[in-house]
Structure formats: structure tokens, C-alpha cells
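The values are calculated or read from the model by the stated rules, or taken from the named source; none is laboratory data. Only a predicted model underlies this, so the values are computations on that prediction, with no experimental measurement involved. So basically every Cβ, Gly included, is an ideal-geometry build from the backbone, and we count neighbours across all protein chains shown.
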Amino acid sequence: MTELVTPSQAKRPEFRNINAFKDLPTYRMAPAAWVSILHRVSGALMFLLLPFIIWLFDVSVSSEYSFARFTALFGAGVGPVPGWFFKLVALALIWAYLHHIIAGIRHLWMDLTHAVTKEFGRSSAIVTLVLSLGLTAVLGAKLFGLY
């Protein structure tokens, strides 16, 4: 038989037309959704900054003079662009690489072990976020000369 909705039971809201300004700011995404979105963002960031990565690699290994110029880039900058800006770009690349590889390992593990449950998805997403941000903080501290 069907159950009637009692006054003590609140009816769940139905969203037929979602208003982006009213509904999206109050919507809470699951950690797995954040990892999925950030996995795409990190991949796009690495792809878009690939010419910068290739240039950094070329300049760093060409000669001793070019390596000195490379290290000066992070210290003094180039022209009107200060060195801390290049450090922030490098930090973004570090985060993108770390997040992308850790999230990719997470996806491979889920595919290989068939561990597709809500609990595992949530816990592995949290581990992915903590690992990628933690390792980025450690490498960022090294990049900015904190140790």
C-alpha cells in the first residue's frame, strides 16, 4: 500500500527548473564531484601550459648560462613580470601534475578492483584531495625557499 505523507514528515523539494543564481550557491557537491572537476581542470591546465613547460625544460638543460638565466627567472623575473609570478605558475603546474596523477591512480584502482561504492568513492576522493594539496604545500614551501 502507499504511505501518506504525514505532517511530521517534510516533503523533499523538487527541482524542475534550476535557477543558477539561487540554487547553485547552496548546492553541496560530494568530494568525488570536486575530484572529478579538478581532474579535468588540472588536465586542461597542464595542456594549456605545455609550451611553458617545454620552454622551462629547454632553458634549464641547454647550458650553464641558460640554467643561470632560468634560476634568475624565479628570483628577479623577466621585464615587468616579477619572479613570484613565475613561482605561482610553477606552483599551479605542480598542483596540476600531482592532482592529476593521484586522481588518475584513484580511477585506475577503482577500475581494477571494481571498488565502485559510495563509501569508497567518498573516502578515496578525500584522500586524493588531501594528498595532492599536502604534497603541493610541501613542494611549494621548497619552491618559495621556506626550507
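What pairs come up if the first residue lies in the stretch 89-107 and is in contact (Cβ under 8 Å) with a residue 12 or more places away in the chain, the second is surrounded by fewer than 18 Cβ atoms within 10 Å (Cβ to Cβ) and of a type in the set (V, I, T), and their beta carbons are under 9 Å apart, counting only those six or more places apart or on different chains?
Listed by first residue and then by second, the contacts come to L93/I53; A96/V41; H99/V41; I102/V127; R106/V127.
When the residues of the stretch 18-35 are narrowed to those that are aromatic (F, W, Y) and within 22 Å of the chain's Cα centre (by Cα), which ends up farthest from R122 (Cα to Cα)?
Going through the qualifying residues, I end up with Y27.
Please pick out the residue among A92, A72, A103, A68 that is within 25 Å of L50 (Cβ to Cβ) and in contact with a strand residue (DSSP E or B) (Cβ under 9 Å, 6 or more places away or on another chain).
Of the residues listed, the single one that is within 25 Å of L50 (Cβ to Cβ) and in contact with a strand residue (DSSP E or B) (Cβ under 9 Å, 6 or more places away or on another chain) is A72.
For the stretch 60-82, name all the residues that are loosely packed, with under 14 Cβ neighbours inside 10 Å, assigned to a helix (DSSP H, G or I) and hydrophobic (A, V, I, L, M, F, W, C).
Listed by number, the residues that qualify are V61, F67, A68, A72.
Mind checking which residues of the stretch 6-47 are surrounded by 10 or more Cβ atoms within 10 Å (Cβ to Cβ) and of a type in the set (D, E)?
D23
Identify, from the list F47, F57, F85, the residue that is at pLDDT 85 or above, farther than 30 Å from H107 by Cα and either not aromatic (F, W, Y) or not in a loop (DSSP other than H, G, I, E, B) (or both).
F85
Counting only residues that are without any contact (Cβ under 8 Å) to a residue 40 or more places away in the chain and aromatic (F, W, Y), which one in the stretch 21-51 is nearest to H99 (Cα to Cα)?
F47
Applying the selection to the stretch 85-111, what residues are surrounded by 12 or more Cβ atoms within 10 Å (Cβ to Cβ) and either farther than 25 Å from I37 by Cβ or acidic (D, E) (or both)?
Just the residues of the stretch 85-111 that are surrounded by 12 or more Cβ atoms within 10 Å (Cβ to Cβ), to begin with: 85-107, 109-110.
Residues satisfying the conditions are F85, F86, K87.
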